[in-house]
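To start, the structure under review is shown below, and the notes come after it.
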Amino acid sequence: MKVLVVGATGGSGRAAVAELVRRGHEVTALSRHAAALTGPHVRGVDGDATDPATVDALVAGQDAVVVTLGISENPLRVRLRGPAGTPIDVRSRGTRNVVTSMRRHGVRRIVVQSSYGVGTTRDRLPFSAKLFFALLIAPQIADEERTSAELRATELDWVEVQPVYLSDDDIPYPAFTTTNGDVRGMKVSRGQVGRVLADAVERDDLARRSIAVSQDTDAVPGGRRARAGAAA
């Protein structure tokens, strides 16, 4: 498949690009500094996801789009002073541009990474996480809520991937994934999320569903137990 990854140089975006390439897909990677990602089966394109013309030109000819937009700056600084280099509404604006272009070019599959505690999992969030959202990242979460609502209102074959808190740990086994909002703890690695994003591109049975993603605390390297309600 030909897959466009929007927001490709963030942690989850890079992981998604690497996993998609590993599985044999042809990847176009878009971010403001993506040219360095160019290599076998991947083309990095420097550009701004909030620019409709840039997005439209890259969506044409794709089979699927993965959106992993976000603000990587220190959350306290963003809360107090606003982001320095990224619009606070980058998620909703960028995703809206992607959806508009997908409709124009007849592309159906869109996979969007949001956060656990947004949309259908809002009421599942632990109190400590709700407090963190309210005190430090309320504007970003409000933008994710808009993105989630708009995505669900589309006629596209959308998949919303909702990881808990992200880490850079090297975890070789799969994440725990459910479509009913259940999680096992509040931590998951970006590499595990990248694999879930790639699964969502490939699997038709996940279309128009949200996937909660966490680290499986019962897992062992090389596999995991089957769980009721798991998306895998």
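The values are calculated or read from the model by the stated rules, or taken from the named source; none is laboratory data. Just so it is clear, the structure is predicted and the values come from calculations on it, not from any experiment. Backbone-built Cβ (ideal geometry, glycine too); neighbour counts: all protein chains shown. Note: areas computed on protein heavy atoms with side chains; ligands, DNA, RNA excluded. Shrake-Rupley method; radii C 1.70, N 1.55, O 1.52, S 1.80 Å.
When restricted to residues that are modelled with pLDDT under 95 and either in a strand (DSSP E or B) or aromatic (Phe, Trp, Tyr) (or both), the stretch 171-186 contains 1. May I ask you to list the residues in the stretch 125-144 that are surrounded by fewer than 17 Cβ atoms within 10 Å (Cβ to Cβ) and either free of Cβ contacts under 8 Å to residues at least 40 places away in the same chain or within 14 Å of the chain's Cα centre (by Cα) (or both)? Residues satisfying the conditions are Phe127, Ser128, Lys130, Leu131, Ala134, Ala142. Taken over the stretch 167-195, the criterion of being open to solvent by 20 Å² or more (accessible area, probe 1.4 Å) and either under 13 Å from Ser210 (Cβ atoms) or hydroxyl-bearing (Ser, Thr, Tyr) (or both) is satisfied by Tyr173, Thr179, Asn180, Asp182, Val183. Among what's in the stretch 100-115 and is in a loop (DSSP other than H, G, I, E, B) and open to solvent by 10 Å² or more (accessible area, probe 1.4 Å), pick the residue that is nearest to Tyr165 (Cα to Cα). By that ranking, first place goes to Ser115.
Within the stretch 125-144, not a single residue is in a helix (DSSP H, G or I) and under 18 Å from Leu206 (Cβ atoms).
Yes or no: the stretch 57-65 includes at least one residue that is closer than 22 Å to Val161 by Cβ, among the charged types (D, E, K, R) and open to solvent by 50 Å² or more (accessible area, probe 1.4 Å). Yes, the conditions are met somewhere in the stretch 57-65.
Within the stretch 152-166, identify whether any single residue is at pLDDT below 95, open to solvent by less than 60 Å² (accessible area, probe 1.4 Å) and on the phi < 0 side of the Ramachandran plot, and answer yes or no. Within the stretch 152-166, not a single residue is at pLDDT below 95, open to solvent by less than 60 Å² (accessible area, probe 1.4 Å) and on the phi < 0 side of the Ramachandran plot. Is it the case that Ser148 is surrounded by 18 or more Cβ atoms within 10 Å (Cβ to Cβ) and not in a helix (DSSP H, G or I)? Judged against the criteria, Ser148 is not a match.
To keep it simple, each residue is scored yes or no on (1) farther than 28 Å from Gly119 by Cβ; (2) among the aromatic types (Phe, Trp, Tyr); (3) assigned to a loop (DSSP other than H, G, I, E, B).
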{"position": "Leu4", "(1), (2), (3)": "no, no, no"}
{"position": "Ser12", "(1), (2), (3)": "no, no, no"}
{"position": "Ala18", "(1), (2), (3)": "no, no, no"}
{"position": "Ala57", "(1), (2), (3)": "yes, no, no"}
{"position": "Leu69", "(1), (2), (3)": "no, no, yes"}
{"position": "Leu76", "(1), (2), (3)": "no, no, no"}
{"position": "Arg79", "(1), (2), (3)": "no, no, no"}
{"position": "Thr86", "(1), (2), (3)": "no, no, yes"}
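Residues that are in contact with a Leu (Cβ under 9 Å, 6 or more places away or on another chain) and open to solvent by 10 Å² or more (accessible area, probe 1.4 Å) were ranked within the stretch 18-27; the one that is nearest to Tyr173 (Cα to Cα) is Glu19.
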